[in-house]
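The values are calculated or read from the model by the stated rules, or taken from the named source; none is laboratory data. Just so we're clear, the structure is a prediction, and the values are computed from it rather than from any experiment. Ligands, DNA and RNA are excluded from the accessible area calculation, which covers all protein heavy atoms including side chains. Shrake-Rupley method; radii C 1.70, N 1.55, O 1.52, S 1.80 Å.
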Amino acid sequence: MPVELLTEDLDFTPECERALLEIFARYDKDHDGALNDTELQAFAIFTNGHEFSETELEDIRNYLKCTDEGWLLKEGFLQMYSLQTASGDSDETWKDLEKHGYNRDLVLSK
């Protein structure tokens with residue numbers, strides 16, 4: 001049975017948060033704690049097979065925690081996955097985790 005992604009309070013489990021932060025760090029090439037447009041699009045291409053659309057980028061900038069420049073912060077990255085997972089789309093979150101090499105025990109296997 002796979003580990004849980006969320007606690008009963010809809011917070012990430014420590015294992016899930018650790019995996020998501022590790023994924024974030026892979027794309028934060030300049031190590032500034034935020035994904036600029038180039039870094040964010042690299043994440044989107046690897047994860048989804050295509051870049052985020054302008055509308056998706058606007059939604060990210062308007063609704064998730066970003067810098068004044070509009071770069072997605074770690075907190076915003078977790079927020080994006082929290083919204084997706086807590087809204088009942090945990091299958092999509094698992095798909096993303098697996099795409100980045102995590103198994104259903106949230107152990108990096110690649």
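Computed across the range 8-60, the Kirkwood hydrodynamic radius from all distinct Cα-Cα pairs reaches 12.3 Å. For the pair Leu6 and Ser53, the difference between a 0.36 nm per residue extended length and the Cα-Cα distance amounts to 14.1 nm.
Could you report the chain's accessible area per residue, 1.4 Å probe, as an integer in Å²?
In whole numbers, the chain has 59 Å² accessible per residue.
Compared with the alpha-carbon gap, the fully stretched path from Glu92 to Asp68 is longer by 5.7 nm at 0.36 nm per residue. Applying 0.36 nm per residue to the separation of Asp37 and Leu108 and subtracting their alpha-carbon distance, the gain on full extension is 23.0 nm.
Surface composition of the chain: carbon and sulfur atoms hold 50% of the protein heavy-atom accessible area at a 1.4 Å probe.
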